[in-house]
1. May I ask you to evaluate 6.51 cos²θ - 1.76 cosθ + 1.60, the Karplus curve with θ = phi - 60°, for each residue of region 19-25 and list the ³J(HN,Hα) values in order in whole Hz, giving x for glycine and proline?
2. Project the alpha carbons of region 34-147 onto their principal axes and report the range along each, largest first, in whole Å.
3. Scan around Gly121 for amide H atoms under 5 Å from its own, H built in the peptide plane at 1.01 Å from N, and keep only partners 5 or more places away or cross-chain.
4. If the rule is a partner Cβ under 4.7 Å, which cysteines in the chain fail it?
5. Could you point to the residue in Leu82, Val240, Asn135 farthest towards the positive end of the chain's charge dipole, with +1 and -1 charges on the Cβ of Lys/Arg and Asp/Glu respectively?
6. How large is the charge dipole for region 5-297, taken about the Cα centre, if only the Cβ atoms of Lys, Arg (+1) and Asp, Glu (-1) carry charge, to the nearest 20 debye?
7. P(r) tail for region 43-97, what percent of Cα pairs lie past 19 Å?
8. With a 1.4 Å probe and every protein chain left in place, work out the accessible area per residue of the chain in Å², rounded to a whole number.
Amino acid sequence: MALRRALHFVFKVGDRSKTATFYRDVLGMKILRHEEFEEGCKATCNGPYDGKWSKTMVGFGPEDDHFVAELTYNYGVREYRLGNDFLGLTLQSSQAVSNAKRLGWPLTEVGEALYLAEAPGGYRFYLVDKDQPHNDPVQKVCLAVSDLQKSTHYWSSLLGMKVIERNEEKKTVLMGFADTQCKLELYNIGGTVDHGTAFGRIAFSCPHKQLPDLEALMTKENYKILTPLVSLDTPGKPTVEVVILADPDAHEICFVGDEAFRQLSHMDPSGNTLLDKAMAEDKSDEWFAKHNKQKASA
């Protein structure tokens, strides 16, 4: 499945300002694009919410050759409950470690040249204290599973990922679509995977002609399809087709047609400005305070 590639992981955020500081100033990522929406996504990209929301893509480079983060912000939700499903994203950047120390962002040394930093909301990021590579610094995303053999079969035999490394002692399997891409690490927690309300979604692209076959395969194998093949519109940009799947532990997986997505995901040079403008104009906290209400805690 060499034509499939890893794109991004979706994080729900409750505080855009602190989140922007973490990704821009600590990690050193760029704002690739920012979009505002008046109603919920047909493919629940922003979770099970139908109100106003925004999407901000951040990364070290464009999604054509970098794995990035999609930050979804629901105007009426201030925080989400973490589960044990997302175990961390690992990236290599001594500059990020230096930035964290300079800005006083909490760091925990967890190994040789390895630090743990938490993004707002509690999401774990592992920073390898080595020079940032010329290619993508993002190395892997780790997800919890309850049955490693079953999950490995799903991701490799059905989705076409190549098993790169098995570690029986650590109870992990490392896999990916290509050696040059961000990898997926599955870690057997030996119990139930809890997605909380902060549950994320990992996204991949494939040739659009593969999407109906992928949906048919999951139907045949009796695996859950969260969103059957659907077209998603973004004003002024190409329409993309997606299928949303769920693996054996209900991790959400988005497959999007590659051809249209490459056009949709072009870096927007005004992304930074658009995000800053949206944050400055966001009066949701004031509105809730004025009406003696609190934003929801999902």
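The values are calculated or read from the model by the stated rules, or taken from the named source; none is laboratory data. Quick caveat: nothing in here was measured; it's all calculated off a predicted structure. Heads up, the Cβs are rebuilt from the backbone with ideal geometry, glycines too, and the neighbour counts pull from every protein chain shown. The area values use the complete protein model at the heavy-atom level, side chains included, leaving out ligands, DNA and RNA. Shrake-Rupley method; radii C 1.70, N 1.55, O 1.52, S 1.80 Å.
1. Taking θ as phi minus 60°, the curve returns 5, 4, 4, 5, 6, 7, 8 Hz for region 19-25.
2. Principal axes ranked by extent give 44, 35, 31 Å for the Cα atoms.
3. Residues meeting the criterion, in which the H sits 1.01 Å from N, do not exist here.
4. Isolated Cys, the chain: Cys142, Cys182, Cys206, Cys254.
5. Leu82
6. Result for region 5-297 is approximately 440 debye, rounded to the nearest 20.
7. 47 percent
8. Accessible area per residue, the chain: 47 Å².
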